[in-house]
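Input: a single structure, listed below in structure tokens.
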Amino acid sequence: MDTTPVDRHPALRRVRRWLLESPRVVHAARTLYRWPPLTRTRAFRGFIRHRVAAADRALQTVIPRVAIETVLTCNARCVMCVHSERRMVGIMDMDLFRRLVEQLAAWGCQDVCLSIYGEPMVDKRWLERVAIVRAAGLRYSFFSNASMLTEATASAMLEQGGWTEVNFSVNGLSKDVYEAVMPPLSRDRVYANLERFLALKQARGGADPRVTISCVALRENLHELREFQAHWSAMPGVDRVAIGGRTDWNGELMRADAGQPVRNRLRVVSEDTWHTPCPSLWSSLYVYHDGRVSPCCEDAAARRLIIGDATAAPLREIFLGPELARLRRAHREDRRSEHGVCGSCHANWPWV
Ligand code: SF4
């Protein structure tokens, strides 16, 4: 998660990306990070503290990964998402969006993710936002359910360039499963949108954007995951198929997935695991639609972990400011559990 020294070297960045995207490596890293006999050793703790100290020293020159929530509203009510349980709506003011993009360009950011907890294409001004990002010289990525990915929208984005990555959330293969998990979206319409978009991408050479098809493993879709993986892996234009465990959004999602044991489905960190300092604090900023800023998206449903207000202060000031410094210190001093949100967070991201 610490991007600093590595991001200055493209070859290292590619290796790091390969490591982070390899399901076996990620699984092995997560298992190791949760293995008490290892995490209790002085060598392991020394290694982590060494990484944290290096991240601290590099802080002034770090350019974090930034995600901007252009819109919070979503047109789906997926069973594993808090959107299915309570009304969550909001859209980012265009002036604030423009200011943020200008700040990122001046800071030296090259990429920005344009979504956090909503469906970006429900925003009528989505393409206008893409144009603003491109005019500032930034590249962009986003997450989407692809339900509104029309041919015109896809062509306009491909035409403007700079679209590096997209993660399409597709949580079922058969019509029954898909529509049970992602109501009220139509499986056939979404699959048609994706197939048309992938054909467009291929017709343009097939390099960009890098496409991930992601799926959360759930009681509803477990029986068809193998087929799902085979279907999308064979599709020209798909670069990666990612099957992930569900999260309860830090306790915010009330509905339990009763058919699945918690362990290995939720990103559980057990009591006897050492909660390492969280790398997100040194490497990421998430700007919600109303300008509030968080260091991660784990708390994106409740939004209690707020380290600044982008309507009142520049992002760089927030990144180097006292709120985040206090939180980093608490993590560094093994007081992460004292914090209401970080203390109950399931994530224990590896320092890679
Ligand atoms: S809530 Fe979790 S992921 Fe977010 S900063 Fe705290 S420990 Fe890290």
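Values computed for the structure shown
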{"item": "Three principal axis lengths of segment 51-130 [C-alpha, angstrom, descending]", "result": "43, 30, 15"}
{"item": "In sequence order, calculated HN-Hα J values of segment 154-165 (Karplus, 6.51, -1.76, 1.60; Hz; x Gly/Pro)", "result": "4, 5, 4, 5, 4, 4, 6, x, x, 8, 8, 8"}
{"item": "Full-extension gain in nm, A28 to S214, via 0.36 nm per residue minus C-alpha separation", "result": "65.0 nm"}
{"item": "Label-zone membership for segment 134-163, site W107, 7 angstrom Cα→C-beta point, backbone N under 19 Å", "result": "134-143"}
{"item": "Gyration tensor verdict on segment 290-332 (Cα atoms; rounded if a/c is under 1.5, prolate if a/b is larger than b/c, oblate otherwise)", "result": "oblate"}
{"item": "Gain upon complete extension [R204, E338; 0.36 nm per residue less C-alpha separation]", "result": "43.1 nm"}
{"item": "Label point distance in nm, R189-L222, each placed 7 Å from Cα along Cα→Cβ", "result": "3.1 nm"}
{"item": "Antiparallel bridge percentage (DSSP; both residues within the chain; nearest 5)", "result": "15 percent"}
{"item": "Calculated over segment 98-159: convex hull of Cα atoms, volume per residue (Å³)", "result": "82 Å³"}
{"item": "For V101, V52, V26, order by how many other beta-carbon atoms lie within 10 Å, fewest first", "result": "V26, V52, V101"}
{"item": "HN-Hα J in Hz across segment 140-148 - Karplus 6.51, -1.76, 1.60, θ = phi - 60°, x for Gly and Pro", "result": "8, 9, 6, 10, 7, 8, 6, 5, 10"}
{"item": "Extent along principal axes [Cα atoms of segment 6-146; Å; largest to smallest]", "result": "53, 40, 23"}
{"item": "Extension reserve of the H346-T150 stretch, reckoned as 0.36 nm per residue once the Cα distance is removed", "result": "66.9 nm"}
{"item": "Share of Cα-Cα pairs in the chain lying beyond 25 Å, as whole percent", "result": "55 percent"}
{"item": "Shape of segment 109-253, Cα gyration tensor, a/c cut at 1.5", "result": "prolate"}
{"item": "FRET efficiency, Q160 to K124 (Cβ-Cβ, R0 30 Å, nearest 0.05)", "result": "0.95"}
{"item": "Positive dipole terminus of the chain, leading residue within T273, G291, A43 (C-beta point charges)", "result": "A43"}
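Every read-out reported here was derived from the displayed coordinates using simple, explicitly stated rules and does not represent laboratory data. Computed from a predicted model, the values in this text were never measured in an experiment. For neighbour counting, all protein chains shown are included, and Cβ atoms are generated from backbone atoms with ideal geometry for every residue, glycine included.
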